[in-house]
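Data first, discussion second: the structure below is written as structure tokens.
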Amino acid sequence: MDIKGGYAKPKVTDVVFFQLIFLPQTIYAYFSWYFLWIYRFRIKNEEYGTEEKLYLIRKLMRFSETQFEVIT
């Protein structure tokens, strides 16, 4: 059972310095994911899979990943 409640002990990679170092990689990963999403679901009109459906539900409910993992 997870009792963190969304307030876990911070990791070293959560520090702003490390976030700034990994910012270009994070931006690249986000845009590649976003363009793949647009291509697959708007251009090719593919059906949503289970993972995509869960992502959309979490996004519309405005839950964090941790909060959503607790209820699923």
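The values are calculated or read from the model by the stated rules, or taken from the named source; none is laboratory data. Everything numeric in this text was worked out from a predicted model, so none of it was measured. We place every Cβ from the backbone using ideal geometry, glycine too, and count neighbours over all the protein chains shown.
Considering Trp37, Trp33, the condition of being farther than 15 Å from Glu65 by Cβ, of a type outside the set (Asp, Glu) and modelled with pLDDT of 95 or more is satisfied by Trp37 alone. Cβ-Cβ contacts under 7 Å between residues 6 or more apart (or on different chains), taken from a first residue in the range 47-58 that is under 17 Å from Glu69 (Cβ atoms) to a second residue that is in a helix (DSSP H, G or I), are listed as Arg58/Phe68. Every test in (1) out of contact with any helix residue (DSSP H, G or I) (no Cβ under 6 Å at 6 or more places or on another chain); (2) at pLDDT 95 or above is passed by Glu46 save one, and that test is (1). In the condition set (1) surrounded by 10 or more Cβ atoms within 10 Å (Cβ to Cβ); (2) on the phi > 0 side of the Ramachandran plot, Asn45 is compliant with all but (1).
When restricted to residues that are among the aromatic types (Phe, Trp, Tyr) and either exposed (fewer than 10 other Cβ atoms within 10 Å of the Cβ) or under 15 Å from Leu56 (Cα atoms) (or both), the range 26-42 contains 4.
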